[in-house]
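Asker: Below you will find the structure I want to go over with you.
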Amino acid sequence: MVRVLFICLGNICRSPTAQGVFREIVAKQAPDLAVETDSAGTGAWHIGLPPDERARETASLHNIDIGDLRARRVGKDDFARFDYILAMDSENLAALQALCPPEHQHKLRLFLEFASATGLRDVPDPYYGDGNGFEKVFQLVESAAQGLLQQLLADQQAHTE
Ligand code: 4NP
């Protein structure tokens, strides 16, 4: 079982979108891959809430339902539990680096490392912008989710050889 945790600031826009897109891609393209997904925020404002309505609507336009997800804050146990801990932007990565014990630091990455063709490091925070920001988030996240799946399939291949 490989465990993947997606991290943003509020856990109501970018990281639940990433979780929803990634779990859908796995279900469709690699249903036998044993993956657990979750998402969390470095901030605590929205704990217990479903994703932002604009994020839910954008995912829904792409036939992905993220309405079951609820925001939570990243905690110390997450660093031991998850194998890949993927930050949506550099600020969130820095926040994780400050919290994470040394033996788990290698698990921390920027999610867009898996979408190198985009040439971007950060998924832009869409919270205070207009609706187009959410579509941009979706596109970036979808691209990185595909790259991540290829990485996990390669990991699996390496383990069975
Ligand atoms: P997210 O977006 O980090 O992608 O979930 C945000 C959500 C809420 C806030 C900022 C970003 N906020 O400041 O409340």
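Asker: Hey, can you find the accessible area per residue of the chain for me, probe 1.4 Å, expressed in square angstrom?
Answerer: Result: 50 Å² per residue.
Asker: Oh, and also: Could you give the length gained by full extension between E103 and W45, i.e. 0.36 nm per residue of separation minus their alpha carbon distance, to one decimal place?
Answerer: That pair, E103 and W45, stretches by 18.0 nm at full extension.
Asker: Now, a different point. Could you please state, rounded to a whole Å, how far the C-alpha centre of the range 73-149 is from the C-alpha centre of the range 43-67?
Answerer: Cα centroid of the range 73-149 versus Cα centroid of the range 43-67: 16 Å apart.
Asker: Which number comes out as Rg/Rh for the range 1-86 once both Rg and the Kirkwood Rh are worked out on C-alpha atoms?
Answerer: Using only Cα positions, Rg/Rh for the range 1-86 is 0.97.
Asker: Can you compute the label reach from Y128? Point 7 Å from Cα along the Cβ direction, backbone N cut-off under 17 Å, restricted to the range 30-55.
Answerer: 43-46, by backbone N distance to the label point.
Asker: Ok, one more. If R₀ is 22 angstrom, what is the calculated FRET efficiency for the pair M1 and E91, using the beta carbon separation as r and rounding to 0.05? Kindly include the intermediate steps, with their values, before the conclusion.
Answerer: On the way: r = 30 Å, r/R0 = 1.35.
Rounded to the nearest 0.05, the efficiency is 0.15.
Asker: For the chain, calculate the relative contact order in percent as a whole number, restricting contacts to Cα pairs under 8 Å that are 6 or more residues apart. All intermediate terms of the calculation are to be shown ahead of the outcome.
Answerer: Details: 283 pairs, mean separation 43.1, N = 161.
Over the chain, the number comes to 27 percent.
Asker: For Y128, Y84, write out the residues from largest to smallest accessible area, computed with a 1.4 angstrom probe and no ligands counted.
Answerer: Y128, Y84
Asker: Another question about this same structure. Based on the Kirkwood radius over alpha-carbon pairs, what is the Stokes-Einstein translational diffusion coefficient of the range 110-161 at 10 °C with 1.306 mPa s viscosity, in µm²/s?
Answerer: 132
Asker: Roll a 1.4 angstrom probe over the protein heavy atoms and tell me the percent of accessible area of the chain that is carbon or sulfur.
Answerer: Numbers: 4010 of 8110 Å².
Using a 1.4 Å probe with all protein chains present, the chain comes out at 49 percent carbon and sulfur.
Asker: Once the mean 1/r over all distinct Cα pairs of the chain is inverted, what Kirkwood radius in angstroms do you read off? Walk me through the numbers on the way to the answer.
Answerer: Values: mean 1/r = 0.0643 Å⁻¹.
Computed over the chain, the radius equals 15.6 Å.
Asker: So, one more: Put H106, H62, H46 in order of accessible area, largest first, 1.4 Å probe: what do you get?
Answerer: H106, H62, H46
Asker: To continue, here is another question. Given the protein chains as shown and a 1.4 Å probe, how many square angstrom of M1 are accessible, to the nearest 10?
Answerer: 130
Asker: Using 0.36 nm per residue of separation minus the Cα-Cα distance, give me the extension gain between T160 and Q29 in nm, one decimal.
Answerer: The T160-Q29 span can extend by a further 45.2 nm.
Asker: Enumerate the amide H contacts of A71 below 5 Å, restricted to partners 5 or more residues apart or on another chain; note that Pro and chain-start residues carry no placed amide H.
Answerer: G48, L49
Asker: Specify the residue with the greatest mean-square fluctuation among G75, G119, G133, computed from a Gaussian network of the chain linking alpha-carbon atoms under 10 Å apart.
Answerer: Greatest mean-square fluctuation among the candidates belongs to G119.
Asker: Are there DSSP H segments in the chain that both extend 18 Å or more along their axis (alpha-carbon positions) and score a mean Kyte-Doolittle hydropathy of at least -1.0? List them, or say none. Before the final figure, lay out each step's value.
Answerer: Values: long enough: 14-29 (22 Å, -0.48); 132-160 (42 Å, -0.14).
Once both thresholds are applied, what remains is 14-29, 132-160.
Asker: On to the next question. So for the chain, taking the charge dipole from beta-carbon charges (+1 Lys/Arg, -1 Asp/Glu), which of L33, G48, S143 sits furthest toward the positive end?
Answerer: Checked the options; the winner is G48.
Asker: A further question follows. Using the crude model of +1 on Lys and Arg Cβ and -1 on Asp and Glu Cβ, and no other charge, please compute the dipole size for the range 77-122 relative to its Cα centre, in debye to 20.
Answerer: About 100 debye.
Asker: Right, another one. How large is the helix-only mean residue ellipticity at 222 nm for the chain, computed as the sum of -39500 (n - 2.57) over DSSP H runs with n ≥ 4, divided by its residue count, in deg cm²/dmol to the nearest 500?
Answerer: The helix-only estimate for the chain comes to -14000 deg cm²/dmol at 222 nm.
Asker: Right, next: Please report, in debye to the nearest 20, how large the charge dipole of the range 47-161 is about its Cα centre when each Lys and Arg carries +1 at its beta carbon and each Asp and Glu carries -1 there.
Answerer: That gives a dipole near 260 debye.
Asker: I would also like to ask the following. Of the residues D52, D83, D68, which exhibits the maximal mean-square fluctuation in a Gaussian network model of the chain defined by a 10 Å Cα contact cut-off?
Answerer: D68
The values are calculated or read from the model by the stated rules, or taken from the named source; none is laboratory data. Given the structure is predicted, the values throughout are model-derived calculations rather than measurements. Here Cβ is always computed from backbone atoms with ideal geometry, including for glycine, and neighbour counts include all displayed protein chains. To get the accessible areas, we keep the full protein, side chains included, count just its heavy atoms, and leave off ligands, DNA and RNA. Shrake-Rupley method; radii C 1.70, N 1.55, O 1.52, S 1.80 Å.
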